[in-house]
Amino acid sequence: MNFAWIGIGILVLAAIVLVSRHSDGMVGGVTNADFASLVSGVALLIVIGGSMLASRRFNTGTALRHATVWLGGILILVTLYSYRTEFAGLGARIFGELVPGAPISSTDTDGRIVVALRRDASGHFGARGTIDGAGARFIVDTGASVLTLTPATAAAAGLDPGGLSYSVPVETANGITFMAPARIGRLEIGPLAFHDLRAYVAPPGALNDNLLGVNVLDRLTSYSVRGDEMVLTGPR
């Protein structure tokens, strides 16, 4: 019997339990740290004790080598668990840099959905999402009072840009532009979902990107900017 694999299996199962229950702070009535220490000790005893029984003799050098290897493995496991939040944040930042606009989601201590967006090369906070099931890319724009769509995105979402009435004057960087009012059934940014939104559809050539306006941001509990990251916190 390979007692090393038994020990590895115990450590893997313990890691899964800790990750799934870390927010509770307790596993089976003991703290997460005590649980990790207890399981690690049991795994170490199984490996060393089992190896000794299997060989029917005690070899001090072999036992010390096994103990050193397993203590090192236990230390790595505990370290990874202790810094799980930092490692998760690092992974999210790397993913955000590799895939601009990809929303990185998590949950805060109050159980609210949190979505992080990375600043792109142009200096804007882009977000990939969907409009009534159609994929779209947005630029977060606190200067836009209303969610504003390009004609291409509007058409993909089931609207007919040619049949809309471009009657609402909106001041833009290029002067006054007339937008068409519309209603959006569902907007999704990662796991964040917004229903029944007022929107504008821009005339052809007026916009290069869809604008995630203030009427969407107002549905959030909060939004903030920290360096090159924008954090959107959803309602409870």
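The values are calculated or read from the model by the stated rules, or taken from the named source; none is laboratory data. Given the structure is predicted, the values throughout are model-derived calculations rather than measurements. Reconstructed Cβ throughout: ideal geometry from the backbone, glycine too, with neighbour counts over all protein chains shown.
Listed values, structure above:
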| quantity | calculated |
| --- | --- |
| Positions within segment 100-119 being among the aliphatic types (A, V, I, L, M) and outside any loop (DSSP other than H, G, I, E, B), in sequence order | 104, 113, 114, 115, 116, 117 |
| Cβ-Cβ under 9 Å pairs, at least 6 apart or on other chains, segment 198-210 side under 15 Å from residue 139 (Cβ atoms) and assigned by TED's automatic domain parsing to the domain that holds residue 164, far side of a type in the set (Phe, Trp, Tyr) and surrounded by 15 or more Cβ atoms within 10 Å (Cβ to Cβ) | 202/166; 209/138; 210/138 |
| Residue in segment 163-177 that is of a type in the set (A, V, I, L, M, F, W, C), crowded, with 17+ Cβ neighbours inside 10 Å and under 28 Å from residue 235 (Cα atoms) present | no |
| Tabulated pairs, segment 108-125, first small (Gly, Ala, Ser), second modelled with pLDDT under 85, C-beta under 6 angstrom, 6+ apart or interchain | 116/104 |
| Test: residue in segment 141-157 that is over 19 Å from residue 223 (Cβ atoms), in a loop (DSSP other than H, G, I, E, B), out of contact with any helix residue (DSSP H, G or I) (no Cβ under 7 Å at 6 or more places or on another chain) and not charged (D, E, K, R) | yes |
| Among (1) closer than 24 Å to residue 223 by Cα; (2) outside any strand (DSSP E or B); (3) in contact with a helix residue (DSSP H, G or I) (Cβ under 6 Å, 6 or more places away or on another chain) - the single one residue 122 does not satisfy | (3) |
| Residue 169 over 30 Å from residue 110 (Cα atoms) and either among the aromatic types (Phe, Trp, Tyr) or in contact with a helix residue (DSSP H, G or I) (Cβ under 6 Å, 6 or more places away or on another chain) (or both) | no |
| First in segment 147-172 and in contact (Cβ under 8 Å) with a residue 12 or more places away in the chain, second anywhere and surrounded by 14 or more Cβ atoms within 10 Å (Cβ to Cβ) and among the aromatic types (Phe, Trp, Tyr), Cβ under 6 Å, 6 or more apart | 148/200; 166/178 |
